[in-house]
Amino acid sequence: MSWFFDLFRSNSPPPRSRTPPPPPTSTFSKTSASRMEEGALGKQRERVADYAMVRESYTTSYKAYKIQKGGPRTYYPFVFNDIMGLEKDTSKGVRVEDIKLAMRGHMKDGYKFNPISTLSEDNQHYKRDPSLNDRVHVLVCVIPGSIAGLENDSVKKLREVRLAARDMGIPEIAILTKIDETCPEVGKDIMNVYKSKYLKKKIEEVSGTLGFPPSSIFPVKNYHSEIDTNDDVDTLILSALRRMIKSGEDFVNDL
């Protein structure tokens, strides 16, 4: 089981907002970058494939994703950085120290993660003097709602990442994915997300175990086999995106 993180950065000059999240590798659409793009543009992209059945983190390199705004080379003023997921096995998944380096802005785009060693200062992908634009502005933890329980080793690593984010003053949010598969009631009608006692209990479980306030945990449905987008699904996605952007702006403005 792995935990995936997306790192979020505002991208409006002079400061740029980055968002990093560590999520568990489990059964859910691969990246938040793709989900947010679907909601913001109203159409799905195939740039990032859907690895819904992958049991280990598919991401192997640190990569930034921008969302095209309209014309060519025109993008929304924020960036998502995808990170390899945290794994229970110490020989797999991203190292906690690498996530900390990414949050501080020391990791360059394209760095290939190594589960057994951390990014070193002599590596070509190490940035010695990161600017505010290079730093992460929001930490996003992506948690599959279908997880029956949270494993102690993974929780310990996640807490270490969250403590580091707290010490850096980086705001955090959690995204609970695959809610339609977790709750049959929501599977029948996505708008039941606001009525589901099961999802309320799951959010309380995540809050109690990981420490996220319930108001910072956003349930979303993943696009998987759909051809067209759905306004109700996009509403949940955009709600999380709005919080990311607001939190990133607050982080930058408070510096």
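The values are calculated or read from the model by the stated rules, or taken from the named source; none is laboratory data. Please read these numbers as outputs of a predicted model, since none were measured by experiment. Note that we place each Cβ from the backbone using ideal geometry, even for glycine, and neighbour counts take in every protein chain shown. All accessible areas refer to the heavy atoms of the entire protein, side chains included, with ligands and DNA or RNA removed. Shrake-Rupley method; radii C 1.70, N 1.55, O 1.52, S 1.80 Å.
For residue 111, nonlocal amide neighbours, meaning residues 5 or more places apart or on other chains whose placed amide H falls under 5 Å from its own, are 62. Modelled label-to-label distance, residue 215 and residue 235, 7 Å Cα→beta-carbon offset: nm? Output for this residue pair reads 2.1 nm. Using a simple spin-label model with pseudo-atoms 7 Å out from Cα toward Cβ, residue 246 and residue 205 lie 2.8 nm apart. State the Cα centre-to-centre distance between the stretch 69-123 and the stretch 198-231 in whole Å. Each part reduced to its Cα centre gives a spacing of 23 Å. Ligands, DNA and RNA aside, residue 190 has an accessible area near 20 Å² when probed at 1.4 Å.
In sequence order, the stretch 85-91 has phi-based couplings of x, 6, 10, 5, 6, 5, 8 Hz under the Karplus curve 6.51 cos²θ - 1.76 cosθ + 1.60, θ = phi - 60°, and Gly or Pro positions carry x. Using 0.36 nm per residue and subtracting the Cα-Cα separation, the extra length available between residue 191 and residue 121 on full extension is 20.3 nm. For the listed peptides 120-132, 220-232, a ranking on the average number of other beta carbons within 10 Å per residue, highest first, reads 220-232, 120-132.
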